[in-house]
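Reading through the structure tokens given below for one structure.
Values in this text are rule-based calculations from the coordinates and carry no lab data. In this text, all values refer to a predicted model and were calculated from it rather than measured experimentally. In this analysis, Cβ positions are derived from the backbone assuming ideal geometry, glycine residues included, and neighbour counts consider all displayed protein chains.
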Amino acid sequence: MTTLDDVIARSEHRSWISRVSSRQLFWVFIAAVLACLALSILTDSFATERNLFNVARNFAFVGIIAIGMTTVIASGGIDLSVGSTVVLSAMVISVTMEGGMPFLLAFPLALLAALLVGVLNGVLVAYAGMPPFVVTLGTLSAARSLAMVLSDNKMIWNFGPDHDLLIWVGGGSTLGIPHPLYVLAALALVMSLVFRWTRWGQHLLAIGSNENAAILTGIPVRRMKVSIYGVSALTAGLAGVLMAGWLGSVTTNLGQGMELTVIAAAVIGGANLAGGEGNALGAVVGALLIEVIRNSLILLGISTFWQGMFIGTFIVVAVAFDRVRHFRS
Amino acid sequence: MGDNGAGKTTLVKIIAGNFPPSTGEIRVDDQPVTFHNPRDAQRHGIEVVYQDLALCDNLSAASNVFLGRETMRSLGPLRYIDYAKMNRVAAELFRQLKSETRPRDLVRRMSGGQRQAVAIARTLLSEPKIVIMDEPTAAISVRQVAEVLDVIRRLRDHGISVILISHRMPDVFGVSDKIAVLRRGELVASKRADQSSPEEVTGLITGAIEAA
């Protein structure tokens, strides 16, 4: 005999296995692991230290921005301007450092430039009520153009007195692990906690889930949106600085088309383009899967021109997967 | 009561602190109050069940009940959401409402009655003085209508004033003590239910009767 109390106390999932296997993240992670295993067997070069180091570093950049993108997507928006924010932040730090500014001053300045792009996005979306797609498409164009103006469209490869420090921060490694990976790990950890355990994270999902309900219950939706686009731009700015140090030179086509890869990583990792769902860990796993696929194309001798095909297919399949799931429930 | 476009929902949103009134004042227990946002109104004991229930499908029932006023715990300088307490309190509220609603489940997978329970539980969180229900019986089955009317009576027995916005004459006469009629943004009647009749109210809504 089940009483009302029993019913209320019951959890939806009977065991941790059914809980874990109901998550898209779990299956994407399995896919990434399987891809890695297959590549280790099929090629001699995948499981080498050198290659794994490269994979780790490459996916870290996409992963960092994908975490920011996940916050925007989970709130029901989209940020197309991240690729341009990357180049703007990289250009600000390289131009100012070339002019003799120390790293510790140029770094916050680069982040500030990125943040301004995000705040502009957020204000236009939240206060002017413009669609995020249009606003960020505008800043996508504007921020890259600003980077071109800043650098006069020249390549910058001399970062002034702190040159070696920037190269170390972005391209160096400690204990055999590249620095961007540390940044990614720290960011993923912090944002996972923020998503789950703070009001900000809870309200973010509420806005993405039902914006009207969020407004009616008194959540400061407009301020939230500005901060959400700010976070997204900050992650892009951070990645821009790290990429400048990794590449050792900055050109104005840095980060071009990156927004698509980042959106794909977020969506594969479980961010719902309709809003209300997404987690930081998923963005990281999504980015990892994309990088492993890209790496495998190179190692298996397949033209890298196929990469766009894979990413495009991934986005569509991930969204289709989501449709099927919702259709069933 | 009032026809579509009479201003019922707008009035609800003014009382709930969503819109500022263009003229006039709001008094709670004879004290004039001004609300700048829904949180102000909640502090004065005013809670609303919105027509579309204003639920977030991707959040759990407990999270929805506490939306915008989550209970927090401190760990040194850090503050985090106390899910255990939210689930416990929400479970207690569902028990009060006699609803088989699991606090940890996502609202997306719930029935119409359970969703109603979540929206109503939200209003009971802070021991309100006034609960406003905007068309709670518009989109649910006959059995659920009876349940909602039961809940309204239970709220009344707890000393909570319920303002019921409705189109459905039997519901209104079934539970109300006093009936007010709006027509094109104006109050045309406000009288005791037992001194009025469905015919009179219908006349007031359509304008066949000027005022009462």
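Candidate cross-link partners of B:Lys8 among the aspartates and glutamates, defined by an alpha-carbon separation under 15 Å and a same-chain spacing of 8 or more, comprise B:Asp52, B:Asp134, B:Glu135, B:Glu186. For chain A, the Cβ-based charge dipole about the Cα centre amounts to some 600 debye (Lys, Arg positive; Asp, Glu negative; other atoms uncharged). Taking amide H positions as modeled 1.01 Å from N, with prolines and chain starts lacking one, the residues under 5 Å from A:Leu80 and 5 or more places away or on another chain are A:Thr136, A:Leu137. For chain B, excluding the exposed loop sites themselves (trypsin sites (Lys or Arg not before Pro), DSSP loop, at most 13 other Cβ atoms within 10 Å), the longest remaining stretch covers B:1-97. Near A:Ala90: Cβ cut-off under 13 Å, other residues only, Lys/Arg at +1 and Asp/Glu at -1. The net charge is 0.
Using the alpha carbons alone, the radius of gyration of segment B:8-176 stands to its Kirkwood radius in an Rg to Rh ratio of 0.97. Taken one residue at a time, the phi angles of segment A:299-316 give Karplus couplings (6.51, -1.76, 1.60, θ = phi - 60°) of 5, 7, x, 8, 4, 5, 4, 6, 4, x, 4, 5, 4, x, 4, 4, 4, 5 Hz. Gly and Pro are set to x.
Arranged from fewest to most other beta-carbon atoms within 10 Å of their beta carbon, A:Phe46, B:Phe94, A:Phe310 become A:Phe310, A:Phe46, B:Phe94.
Legend: ranking of residues A:Leu116, A:Leu238 from fewest to most surrounding C-beta atoms inside 10 Å; resulting order A:Leu116, A:Leu238. Expressed as a fraction of 2.2 N^0.38 Å, the C-alpha radius of gyration for segment B:35-118 is 1.16. In sequence order, segment A:46-58 has phi-based couplings of 5, 7, 7, 4, 4, 5, 4, 4, 5, 4, 4, 6, 4 Hz under the Karplus curve 6.51 cos²θ - 1.76 cosθ + 1.60, θ = phi - 60°, and Gly or Pro positions carry x. Restricting the GluC sites (Glu not before Pro) of segment B:18-101 to loop positions (DSSP other than H, G, I, E, B) with no more than 12 neighbouring Cβ atoms within 10 Å leaves B:Glu25.
The residue list A:Ile290, A:Met309, A:Trp197 was ranked by how far each Cα lies along the charge dipole of segment A:170-310 toward its positive end, using unit charges on Cβ atoms, and A:Trp197 comes out on top. Each helix, a run of at least 4 DSSP H residues, gives -39500 (n - 2.57); summed and divided by the residues of the protein assembly as shown, these come to -19000 deg cm²/dmol at 222 nm. Give A:Lys225/B:Lys85; B:Lys13/B:Lys98; A:Lys154/A:Lys225; B:Lys98/B:Lys178; A:Lys225/B:Lys178; B:Lys85/B:Lys178 a once-over and call out the pairs whose C-alpha atoms are over 32 Å from each other. The pairs that break the limit, which is 32 Å between Cα atoms, are A:Lys154/A:Lys225; A:Lys225/B:Lys178; B:Lys85/B:Lys178. The HN-Hα couplings worked out from phi for segment A:153-162 by the Karplus form 6.51 cos²θ - 1.76 cosθ + 1.60 (θ = phi - 60°) are 6, 9, 7, 10, 10, 10, 9, x, x, 9 Hz, whole numbers, x standing for Gly and Pro. Amide H to amide H distances under 5 Å link A:Ile177 with no residue, where only residues 5 or more positions off or on other chains count and H is placed in the peptide plane.
Taking the square roots of 5 times each eigenvalue of the Cα gyration tensor of the protein assembly as shown, largest first, gives ellipsoid semi-axes of 53, 27, 19 Å. Only bridges whose two residues both fall in the protein assembly as shown count here: according to DSSP, what percent of them are antiparallel, nearest 5? Around 65 percent antiparallel, to the nearest 5. The convex hull defined by the C-alpha atoms of segment A:46-328 has an orientation-averaged projected area of 15.4 nm².
When restricted to Cα atoms, segment A:197-329 yields an Rg and a Dmax of 17.5, 56 Å, respectively.
Secondary structure note: in chain B, about 60% of the DSSP beta bridges are antiparallel.
Most exposed first by the Cβ proxy, i.e. fewest other Cβ within 10 Å, how do A:Cys36, B:Cys56 rank?
Numbers: A:Cys36 19, B:Cys56 27.
Listed from fewest to most nearby Cβ atoms, that is A:Cys36, B:Cys56.
Scanning residues 5 or more positions from B:Ile26 or on other chains, those with amide H under 5 Å from its amide H are B:Val33, with H placed 1.01 Å from N in the peptide plane.
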